[in-house]
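Readers should treat all values here as calculations from the given coordinates under stated rules, not as data from a laboratory. Treat the numbers as computed from the prediction; the structure is a model and nothing was measured. FYI the Cβ positions are ideal-geometry reconstructions off the backbone, even for glycines, and counts take in every protein chain you see.
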Amino acid sequence: MFKNNTPYFKRGNILKKGMLMNLRDYPRKFFDFYFQDYSNGVIAGSSIFIEDKYFCVNEGIVKFNDIIYISDGISRVKYFNSNKEMIVKIKFRDKREEKDYSCYESDIIVDDNLQIEENELELGRFKLREGAYLRSEYNNFSDFETEFNTVNIINVLYANVSRPTLHPSIVEKFANNLLELSQDDFIDIAFAMECLNSRMVRRDLLENYLNRKLELKKERYTNLDIYKHMKNIIKELLGNRVIKDEGRKAPKIIVD
């Protein structure tokens with residue numbers, strides 16, 4: 001049966017083992033039950049900002065291999081100028097047993113290994129030129145893919161039901177562009193409103209919208225595939241011509 005037993009902590013009451021176990025188990029069970037169908041990825045928070053020479057990750061929640069990890073403070077990792085691509089990753093350690101705890105811990109690292117290993121999740125990537133400064137703000141939708149000196153969050157996985165989805169900042173900016181540029185296209189308007197009304201948009205919805213909008217074949221796309229298709233839609237709405245090559249699934253952009 002369903003139940004919710006809330007312990008009373010009152011003057012004169014005896015502090016019992018069961019009361020402490022209730023405090024221990026209730027929030028943990030809530031997290032486990034609520035996110036049990038979710039994929040690996042960022043659940044909440046974990047936003048990125050740059051502070052001096054540090055790549056900073058705000059407090060947040062991530063899921064990895066059915067374990068919920070919580071960071072209750074800002075994590076800082078020093079970055080350095082380089083002309084090659086670097087990835088900021090969460091590297092999950094092996095389970096560690098102590099007398100009173102089972103410990104699941106992780107580290108945030110900057111790595112030039114572009115392969116995401118089985119015990120890693122990506123938080124962002126960048127390619128920084130000598131003498132330049134890294135930034136984590138974006139001026140427009142195309143700016144998410146700026147090659148140098150900008151934190152790229154396109155490949156970051158956000159946890160969602162069954163399959164991970166895109167960073168909500170990318171989806172939100174795309175939806176705002178649709179509302180601003182689309183000329184009474186029902187599919188665009190309905191999709192944009194759904195995106196803006198949802199904290200996280202499911203990957204299936206993103207893929208189905210792209211298939212309908214661009215008349216693509218139904219298939220699974222990578223984060224980068226989805227982003228590039230979104231960017232093509234915005235370019236078309238801005239007045240560029242998108243000419244489809246019958247031998248290619250992705251549209252080719254020709255600018256007048």
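Couple of notes before you dig in:
- Relative contact order (%) - criterion: Cα under 8 Å, at least six apart; region: segment 1-133: 17 percent
- Across Lys89/Lys127; Lys127/Lys231; Lys63/Lys173, pairs whose alpha-carbon gap is larger than 18 Å: Lys127/Lys231; Lys63/Lys173
- Rounded to the nearest 20, the size of the Cβ-charge dipole of segment 57-127 about its Cα centre is 340 debye, with Lys and Arg at +1 and Asp and Glu at -1.
- Taken about its Cα centre, the chain carries a charge dipole of about 840 debye when Lys and Arg each add +1 at the Cβ and Asp and Glu each add -1 at the Cβ.
- Magnitude of the charge dipole, segment 124-241, Cβ model with Lys/Arg +1 and Asp/Glu -1, debye to 20: 420 debye
- Helix 203-214 vs. the chain, principal-axis angle (Cα, 0 to 90°, nearest 10): 10 degrees
- Partner aspartates and glutamates for Lys29 [C-alpha distance under 16 Å; skip if fewer than 8 residues away on the same chain]: Asp37, Asp66
- Cβ-based charge dipole, the chain, positive-most Cα from Asn177, Ile43, Cys56: Ile43
- Counting Cα-Cα pairs of the chain in 5 Å increments starting at 0 gives whole-percent bin shares of 1, 5, 11, 14, 15, 14, 12, 10, 7, 4, 3, 2, 1, 0, 0, 0, 0.
- Ratio Rg/Rh, restricted to segment 133-213 and using Cα atoms, in which Rh is the Kirkwood radius: 0.99
- The angle separating the long axis of helix 223-237 from the principal Cα axis of greatest extent in the chain is about 40 degrees.
- Here the convex hull built on the C-alpha positions of segment 41-145 has a volume of 121 cubic angstrom per residue.
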